[in-house]
Amino acid sequence: MKKLSFLFLALILFGCVPHQAPKQPAWALAIHGGAGTITKESMTPELEQQYQEKLDEALQAGSEILKNGGTSLDAVCAAINVMEDSPLFNAGKGAVFTAEGINEMDASIMNGENLMAGAVAGVKRIKNPILAARAVMEKSPHVMLMGDGAEKFAQDQGIELVDSSYFFTENRWNSYLKAREKASKENFGTCGAVALDKHGNLAAGTSTGGMTYKMKGRVGDSPIIGAGTYADNNGCAISATGHGEFFIRNVVAFQINALMKYKDLSLDEAARYMIFEVLKPIGGEGGVIALDTLGNISMPFNTAGMYRGTITSDKNAEVKIYGDER
Ligand code: ASP
């Protein structure tokens, strides 16, 4: 008996007892619905519930695909489609207005398996811009199409076009009128998703109406590969939200990937570095959702709040809005 317990002790001490490697989720999905001045005081309980329910619906739509062995690209599109179709978010229906009182939307998507990417910019009639971005990636030799050309291409691909009045919402129009008074370009609310599928592939997508009262023709970071969106199986998947000009100048999504890939930072260290050490000191407001092939998720933001949610094969859906819920 003594001998046996000695053997057991030795096994533990010398690490010979087979220890279980930390379990990695088979699949994972993280989403955002925009970052900005989102505080409990600026919210009614009803509106808060609406956001929570819609974010949860987007998580369910994407996770249903991942659970069944579908691709991260399909999951990203499904989750973003739910938010694009909701007037709550600044993408698709509910997109913000330019200074001229029209809706000009941007979107992009990237496949981490092969670094293929697609984007559309300044589109006014595509119901779900993320689907057009995906078609550019999969059905054209290009990475980005803009304006009329993007719309014509989308239509040729059987993607739904709508009259521009479809995008009108009272709420965004009021923000436009307010912004016109003080010429401010606030009001974020972009949506994005990053996913890891059972095949080990990452994907990222972002869709937006841009910033309220932006100049006609202004393009933000969301459709720019490396600024607002990036996915690389050897690094991570990123979707950003915030003041686009800062994300473009600092190539935020690509830099997070590069810090992981070339400098061995963890996902969380890399994402937090860009948001807090690079953007915050220069006034670059916003945040990112980030996911790696081990299923690690990081969602740092330097604004008061960011609509966000996660779901993985090991963890039920979780939705958060404010900063103090970190
Ligand atoms: N990043 C977007 C843009 O600048 C806006 C947002 O995220 O709300 O167009």
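The values are calculated or read from the model by the stated rules, or taken from the named source; none is laboratory data. These numbers come from a predicted model, not from an experiment. Backbone-built Cβ (ideal geometry, glycine too); neighbour counts: all protein chains shown.
Pairs linking a residue in the range 167-196 that is part of a helix (DSSP H, G or I) to a residue that is within 15 Å of the ligand (Cβ to nearest atom) and at pLDDT below 90, with Cβ atoms under 7 Å and 6 or more positions apart or on different chains, are SER175/ASN187; ALA179/LYS185.
Among the residues of the range 276-301, the ones that are more than 13 Å from the ligand (Cβ to nearest atom) and not in a strand (DSSP E or B) come to 13 in all. Out of all the residues in the range 159-171, is one or more under 27 Å from LEU115 (Cβ atoms), among the hydroxyl-bearing types (Ser, Thr, Tyr) and within 16 Å of the ligand (Cβ to nearest atom)? Checked the range 159-171: no residue is under 27 Å from LEU115 (Cβ atoms), among the hydroxyl-bearing types (Ser, Thr, Tyr) and within 16 Å of the ligand (Cβ to nearest atom). The lone criterion from (1) surrounded by fewer than 11 Cβ atoms within 10 Å (Cβ to Cβ); (2) modelled with pLDDT under 90; (3) part of a helix (DSSP H, G or I) left unmet by PHE8 is number (1). Applying the criterion of being within 16 Å of the chain's Cα centre (by Cα) and of a type in the set (D, E, K, R) to the residues of the range 269-298, the residue that is surrounded by the fewest Cβ atoms within 10 Å (Cβ to Cβ) is ARG272. The lone criterion from (1) within 13 Å of the ligand (Cβ to nearest atom); (2) in contact with a helix residue (DSSP H, G or I) (Cβ under 7 Å, 6 or more places away or on another chain) left unmet by GLY217 is number (2).
Apart from one condition, ASP324 fits all of (1) modelled with pLDDT under 95; (2) closer than 18 Å to GLY189 by Cβ; (3) away from the ligand (no atom under 16 Å from the Cβ); the exception is (2).
Checking each residue in the range 202-214 for being near the ligand (Cβ under 9 Å from one of its atoms), under 24 Å from GLN52 (Cβ atoms) and not β-branched (Val, Ile, Thr) picks out only GLY209. Filtered by the rule that a residue be crowded, with 24+ Cβ neighbours inside 10 Å and more than 18 Å from ARG125 (Cα to Cα), the range 200-210 gives LEU202, ALA203, ALA204, GLY205.
For the range 226-251, the set of residues classified as within 14 Å of the ligand (Cβ to nearest atom) and surrounded by fewer than 24 Cβ atoms within 10 Å (Cβ to Cβ) consists of GLY226, HIS243, GLU245, PHE246, ILE248, ARG249, ASN250, VAL251, listed by residue number.
The requirement of being touching a Ser or Thr at 6+ places or on another chain (Cβ under 9 Å) and either farther than 22 Å from ASN296 by Cβ or away from the ligand (no atom under 16 Å from the Cβ) (or both) is satisfied by HIS199. The single condition among (1) within 16 Å of the ligand (Cβ to nearest atom); (2) under 25 Å from PHE89 (Cα atoms) that GLN255 does not meet is (2). Looking at THR37, THR44, can you tell me which residue is hydroxyl-bearing (Ser, Thr, Tyr), under 19 Å from THR208 (Cα atoms) and modelled with pLDDT under 95? Being hydroxyl-bearing (Ser, Thr, Tyr), under 19 Å from THR208 (Cα atoms) and modelled with pLDDT under 95 holds for just one of THR37, THR44, which is THR37.
Every condition in (1) surrounded by fewer than 23 Cβ atoms within 10 Å (Cβ to Cβ); (2) touching a strand residue (DSSP E or B) at 6+ places or on another chain (Cβ under 6 Å); (3) among the charged types (D, E, K, R) holds for GLU325 except the one numbered (2). For the range 139-146, the count of residues that are at pLDDT 95 or above and within 16 Å of the ligand (Cβ to nearest atom) is at least one.
Of the residues making up the range 226-268, those that are touching a residue at least 12 places away in the same chain (Cβ under 8 Å) and in a loop (DSSP other than H, G, I, E, B) are GLY226, ALA227, GLY228, ASP232, ASN233, ASN234, GLY235, HIS243, ASN250, VAL251, SER266. Scanning the range 44-55 for residues that are out of contact with any Ser or Thr (no Cβ under 7 Å at 6 or more places or on another chain) and buried (at least 17 other Cβ atoms within 10 Å of the Cβ) gives TYR51, LEU55.
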